[in-house]
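This report concerns only the one structure given below.
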């Protein structure tokens, strides 16, 4: 089955710097890769996702890149702000024809943005 | 639009006791998921429902965990008997699941934090 590895487990940056979190996946059939942000004690919330038919997607300060050949995808946050501090999870999954396949999550990256 | 609702938010029980969690997905969402999130880890899927049918329960410890979604809307997850290692946050999520297929956004509930003593 699918296995998703996420690095680093912790990341500390200065406010205004960029942060990059990387994930690798094992199943070449996976074609959907969302990123979730989870603040302490709160639910995971989707911040961006990418499907295998594109290599990059951007939404304001957040971007995700996907390399299907190497089976890895990355989250890029530019101009980081203290409110970006949270745990970020990557996930991978695939379509099951007419129904939806489940997601396999990475172990998370705790991002700390220092003012 | 109301989000995914879960109750209770917190539960403390002793080992070998039973516990049940409840989830009400976003209205109209056909797919419902139960995840277990142990402290410091990512969510791990326990079971996935499509309407009232089970799509994937391969990671559900069936000797002690059970779940149902009888009418294809609300769902309950039960643990009987609980073990110390069941201490975790139990997250419910739902997605719309259009007929054309394809992965869709999963929306998570606030979770139930379980502590087994």
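A few points about this structure:
- In this structure, residue A:17 and residue A:68 have a Cβ-Cβ separation that, at R0 = 35 Å, corresponds to a calculated FRET efficiency of about 0.75.
- Its relative contact order, with pairs defined as Cα atoms under 8 Å and 6+ residues apart, puts segment A:10-115 at 36 percent.
- Taken residue by residue and averaged, Cβ atoms of other chains lying within 10 Å of the Cβ of A:39-48 number 4.
- Working from Cα pairs under 8 Å separated by at least six residues, relative contact order for chain B is 36 percent.
- Distance from the C-alpha centroid of segment A:23-101 to that of segment B:1-40: 24 Å, rounded to the whole angstrom.
- Take each residue of peptide B:105-111, count the partner chain Cβ atoms within 10 Å of its Cβ, and average: the result is 5.
- Ellipsoid equivalent to chain B - semi-axes via the Cα gyration tensor, in Å: 24, 14, 13
- Computed label-point distance, nm, for sites residue B:22 and residue B:44 using a 7 Å Cα→Cβ extension: 2.8 nm
- Pairs of Cα atoms nearer than 8 Å and 6+ residues apart set the relative contact order; for segment B:28-93 it is 35 percent.
- Sorted fewest first by neighbouring Cβ atoms within 10 angstrom, A:20, A:64 come out as A:20, A:64.
- Largest GNM mean-square fluctuation across A:49, A:17, A:84, computed for chain A with C-alpha springs under 10 Å, falls on A:17.
- Shielding by other protein chains, B:40-50, mean Cβ within 10 Å: 5
Coordinate-derived values only; no laboratory data. Everything numeric here is computed off the predicted structure, so don't read it as measured data. Backbone-built Cβ (ideal geometry, glycine too); neighbour counts: all protein chains shown.
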